[in-house]
Amino acid sequence: MKLENLTFKGGVNVPHHKELTEKIPIEKAEEPAVVAIPLHQHTGAPCEPLVKVGDTVKIGQKIGEAQAFVSAPVHSSVSGTVKSITPMAIPTGLTVNCVVIESDGKNELHESVKPKGKLEDLSPKEIIEIIKEAGITGMGGAGFPTHVKLSPPPEKKIDTIIVNGAECEPYLTADHRLMVEEPEKIVFGLKAIMKAVGVERGIIGIEKNKPDAILALKEASKDEENIHVASLKVKYPQGDEKRLINAITGRKVPSGGLPMDVGAIVCNASTTLAIAEAILEGKPLYERVVTITGKGVKEPKNLKVKIGTSFKDVIEQCGGFNEGAPGKVIMGGPMMGISQFSIDVPVIKGSGGILVLTEEEARPEPVLPCIRCGKCLEVCPVRLQPLYISSYALKSDFGKAEKFNALDCIECGACSYICPAKRPLAESIRLAKREILAKRKAK
Amino acid sequence: MDSKVMDTSKAKDLALENMLLVTSSPHIRSRESVQRIMLDVIIALIPATIGSVYFFGINALKLILISVASAVFFEAIIQKAFKRPVTINDFSAIITGILIAFNLPASAPWWLPIMGSAFAIIVVKQFFGGLGSNFMNPALAARAMLLTSWPTHMATFTGTRPDVVATATPLAIMKYGMSADSTASATVEAATSASSAAGAELPTLWNMFIGNIPGAIGETSVLLLLIGAAYLIIRQVIDWKIPVFYIGTTFIMLVLLGVEAEFLPYHILGGGLILGAFYMATDYASSPVTPKGRIIFAIGAGFLTALIRVKGGYPEGVSYSILLMNVATPLIEKFTRPRVFGEVKK
């Protein structure tokens, strides 16, 4: 099997701006005085609080849980006292209940945080239970509960686990730094996933602009017969899981389907590392590496930040905003990240980056009529016709937009990026998707 | 709210919130722009423009300047009249102007490009919604209009030497010269070509390649047109597949229609084929956006070009074949929708 220079059809070259932080080692962020931990950071059912105002909590203590299968518990990231449980805005744009905890500065670990034993001694079921209890969700942004992903229905035969180390979003380097600094843990995490799902083949896919990460993981996995490292062409959106599966295995996930339909499961590199830590140290997902970057911030950094720390605190630790007003603050990368109304929002499990664009970078360009150059078709990784879907969406003809396969759009933004007329292609297709889905629900 | 009790840091935060721009992703854009694309096309047309002045003299320059100036003028006037934003700074009218002039013989009167520009810009382009919405290539539509309205002016070609007043294009020589049967031609335009073609001799292939032959001022120099085309392909402004499939199909069809081998190079290098295939058939607005559609479009244009040239009443078929394929574009797109990634075969 070829494992060098793999890729998919379509996509676009985006300047990756990773030089700002790719060489900067991960630092521990300052201890937050207060954290606001959202009870709903994942896809699925929101958690119910397990603590009440006035309770004292310790690091790693479970503070929220839901009965539903598709959900993930949340844990305290500090030791201290619960001050309030109140609805607050979170960076996904939702307003959800958050547990506000004032830190006592002692950083006491909860007694549940202890090693879970050797991987050889754990059964697949036990591994999945550990992952579930640790509250691990997809850390690449989607926030899908990992234990659900690792429990495919028995009729779906899985033969490949892929660790997603593509990190194709410009600017972000959190996964990159983790792969360079802790490759052994990622290999361990992959082995744990392979055991949990009962799979013999694990592949770590990394874009070629991270040669040090490729080297580190090759070195860390050299004694593992079943684990391979694949180098991927630098092209956006290489890290989209369906594109990644296509590049590595040649298989195509059917339209509307899931990776398991072609026998694959994809796990982000940070998530894989969190799984390793959950087993090795018994550590629930209460902190994560965040890349704070962009021209709008003084000292770009890769920080290990406790969940619930406000964006404001984190940005201040990077020297604050650069001279001049910040134009945009984005959670995630510039292609798919979510721009923020306020910096008083907490870091959540899916916050891989905080990107600050300057006013000039953020300034929207005038939108011109479509000239039908066809570049949006060339770059679309799904091979849609963005110009037509967008034009129907803007005329509120969502039925027509659906006929042009609007729902297959992965919202990667490549079409809007390349458009010479600066048309809001991905933006309007996103609108069409929402309208189509709302209509289906109403039926 | 009492602003006095607000401490300054809070005021700063509130100010920040009002400043942060919030939009749907993506948050960055490429440096591609409509203006840059159009500028690239103009740059690509410069060698052929210089060549046309070199080969056909100062009248060629005059025609090009009048054509460009009138195209830009009509664009601004009609947009003002329609109360639309004036978009002459996107440079697209300049391209239309150059291309209209390129389709004229050097002997054309000064008012001919003005008529052409008015029709191209006002009727074909702006009546249908402006840049990107024109259903036909404006310059080609203008050429067709001029050809039907003033056939003598449009088909009286001068040679590249100033002493020759009227002569025939290589395609006209091949069509009528060999048989010397000028009475058989059905149209005035064809008759004009035919009368001058009778008994004329074909130029050398080298002269055909560099453009030292009678013809419309911008279409004769294959060499200079190809230099510009290479630039457009390298800059990824045009899709190489359209000209390659177009010219390839024309060639194959000419062979199938029984054109003798010695005349084939004249067909490829002569007439408007190179200009049409690289600069007109690749027009974004009037050619399909789908990858397969572009190939079908090019094959269709090649097929029609050969058919018109060999079996039709005109010596030249490039403009009509592209115009016909222009109007077929929506239909072609409908049937060539790309298969979506992972689409289940039905």
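Starting from residues that are buried (at least 21 other Cβ atoms within 10 Å of the Cβ) and part of a loop (DSSP other than H, G, I, E, B), keep the ones in segment A:409-418 and report whichever is farthest from the other protein chains (Cβ to nearest Cβ).
Out of the qualifying residues, it is A:Cys409.
Rundown of residues vs (1) more than 15 Å from the chain's Cα centre (by Cα); (2) assigned by TED's automatic domain parsing to the domain that holds A:Asn97, yes/no style:
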residue	(1), (2)
A:Pro259	yes, no
A:Val266	no, no
A:Thr293	yes, yes
A:Glu323	yes, yes
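Name the single residue that is nearest to the other protein chains (Cβ to nearest Cβ) among those in segment B:127-146 being buried (at least 24 other Cβ atoms within 10 Å of the Cβ) and of a type in the set (S, T, N, Q).
B:Asn134
Could you list all residues from segment B:1-34 that are touching a Ser or Thr at 6+ places or on another chain (Cβ under 9 Å) and modelled with pLDDT of 80 or more?
Result: B:Leu20, B:Leu21, B:Val22, B:Thr23, B:Ser24, B:Ser25, B:Pro26, B:His27, B:Arg29, B:Val34.
Could you grab me the full set of residues in segment A:358-408 that are of a type in the set (Gly, Ala, Ser) and either on the phi > 0 side of the Ramachandran plot or not in a helix (DSSP H, G or I) (or both)?
Correct list: A:Gly374, A:Ser396.
Cβ-Cβ below 6 Å, separation at least six or inter-chain, first residue in segment A:298-320 and under 8 Å from A:Val347 (Cα atoms), second among the polar types (S, T, N, Q): which pairs?
A:Lys306/A:Ser77; A:Ile307/A:Ser77; A:Gly308/A:Ser77
Among the candidates B:Ala298, B:Ala328, which residue alone is surrounded by fewer than 24 Cβ atoms within 10 Å (Cβ to Cβ), away from chain A (no Cβ under 12 Å), part of a helix (DSSP H, G or I) and not acidic (Asp, Glu)?
B:Ala328
Just to be sure I understand, how many residues within segment B:285-329 are among the hydroxyl-bearing types (Ser, Thr, Tyr) and closer than 20 Å to B:Glu219 by Cα?
The qualifying residues number 5.
Residues of segment A:271-315 being farther than 30 Å from A:Glu111 by Cβ, touching a Leu at 6+ places or on another chain (Cβ under 6 Å) and either within 14 Å of chain B (Cβ to nearest Cβ) or not in a strand (DSSP E or B) (or both), which ones?
A:Thr293, A:Gly294, A:Gly296, A:Pro300 - these are the residues of segment A:271-315 that are farther than 30 Å from A:Glu111 by Cβ, touching a Leu at 6+ places or on another chain (Cβ under 6 Å) and either within 14 Å of chain B (Cβ to nearest Cβ) or not in a strand (DSSP E or B) (or both).
All but one of (1) more than 11 Å from chain B (Cβ to nearest Cβ); (2) within 14 Å of A:Ile436 (Cβ to Cβ); (3) under 30 Å from the mean Cα position of the chain (by Cα) hold for A:Asp397, so report the exception by its number.
Just one mismatch for A:Asp397, condition (3).
For segment A:119-167, name all the residues that are farther than 19 Å from A:Asn226 by Cα and of a type in the set (D, E, K, R).
If the condition is that a residue be farther than 19 Å from A:Asn226 by Cα and of a type in the set (D, E, K, R), then A:Asp121, A:Lys125, A:Glu126, A:Glu129, A:Lys132, A:Glu133, A:Lys149, A:Glu155, A:Lys156, A:Glu167 are the ones that fit.
Listed here are the residues, each with its yes/no results for (1) surrounded by fewer than 20 Cβ atoms within 10 Å (Cβ to Cβ); (2) in contact with a helix residue (DSSP H, G or I) (Cβ under 7 Å, 6 or more places away or on another chain); (3) of a type in the set (Phe, Trp, Tyr).
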| position | (1), (2), (3) |
| --- | --- |
| A:Gly350 | no, no, no |
| A:Leu355 | no, no, no |
| A:Tyr392 | no, yes, yes |
| A:Phe398 | no, yes, yes |
| A:Ala406 | no, yes, no |
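Residues that are touching a helix residue (DSSP H, G or I) at 6+ places or on another chain (Cβ under 9 Å), surrounded by fewer than 16 Cβ atoms within 10 Å (Cβ to Cβ) and aliphatic (A, V, I, L, M): does segment B:32-43 have at least one?
Yes: one or more hits.
Only one of B:Ile268, B:Ile213, B:Ile217 is buried (at least 24 other Cβ atoms within 10 Å of the Cβ), in contact (Cβ under 8 Å) with a residue 12 or more places away in the chain, over 20 Å from B:Pro138 (Cβ atoms) and among the hydrophobic types (A, V, I, L, M, F, W, C); which?
Going through B:Ile268, B:Ile213, B:Ile217 in turn, the sole match is B:Ile213.
Any idea which residue in segment B:241-295 is nearest to the chain's Cα centre (by Cα), counting only those that are assigned to a helix (DSSP H, G or I) and within 14 Å of chain A (Cβ to nearest Cβ)?
For segment B:241-295, the residue satisfying everything is B:Ile242.
Output the residues belonging to segment A:24-71 that are small (Gly, Ala, Ser), farther than 16 Å from A:Lys132 by Cβ and in a loop (DSSP other than H, G, I, E, B).
A:Ala29, A:Ala33, A:Gly54
Report every pair of residues separated by at least 6 positions or lying on different chains whose Cβ atoms are under 6 Å apart, first residue within segment B:20-44 and more than 7 Å from every other protein chain (Cβ to nearest Cβ), second basic (Lys, Arg).
Hits for this filter: B:Asp40/B:Arg235.
Based on what the data block shows, is B:Glu333 within 13 Å of chain A (Cβ to nearest Cβ) and in contact (Cβ under 8 Å) with a residue 40 or more places away in the chain?
Spelling it out, B:Glu333 is indeed within 13 Å of chain A (Cβ to nearest Cβ) and in contact (Cβ under 8 Å) with a residue 40 or more places away in the chain.
Taking the residues in segment A:416-443 that are hydrophobic (A, V, I, L, M, F, W, C) and in contact (Cβ under 8 Å) with a residue 40 or more places away in the chain as candidates, determine which candidate is nearest to A:Glu241 (Cα to Cα).
Only one residue tops the list, namely A:Ala426.
Condition first: assigned to a loop (DSSP other than H, G, I, E, B) and facing chain B (nearest Cβ under 7 Å). Can you find one or more residues in segment A:316-330 that meet it?
yes
May I ask you to say which residue of A:Val382, A:Val367, A:Val345 is of a type outside the set (Phe, Trp, Tyr) and at the interface with chain B (Cβ under 7 Å from one of its Cβ atoms)?
Residue meeting the stated conditions: A:Val382.
Given the condition modelled with pLDDT of 95 or more and under 20 Å from B:Leu232 (Cβ atoms), answer yes or no: does some residue in segment B:300-317 qualify?
So far as segment B:300-317 goes, yes, one or more of its residues are modelled with pLDDT of 95 or more and under 20 Å from B:Leu232 (Cβ atoms).
Hey, could you check segment B:71-91 for residues that are in contact with a Pro (Cβ under 9 Å, 6 or more places away or on another chain) and assigned to a helix (DSSP H, G or I) and say which is farthest from the other protein chains (Cβ to nearest Cβ)?
Residue satisfying both the conditions and the ranking: B:Ala71.
The values are calculated or read from the model by the stated rules, or taken from the named source; none is laboratory data. Small disclaimer: the values here were computed from a predicted structure and weren't measured. Backbone-built Cβ (ideal geometry, glycine too); neighbour counts: all protein chains shown.
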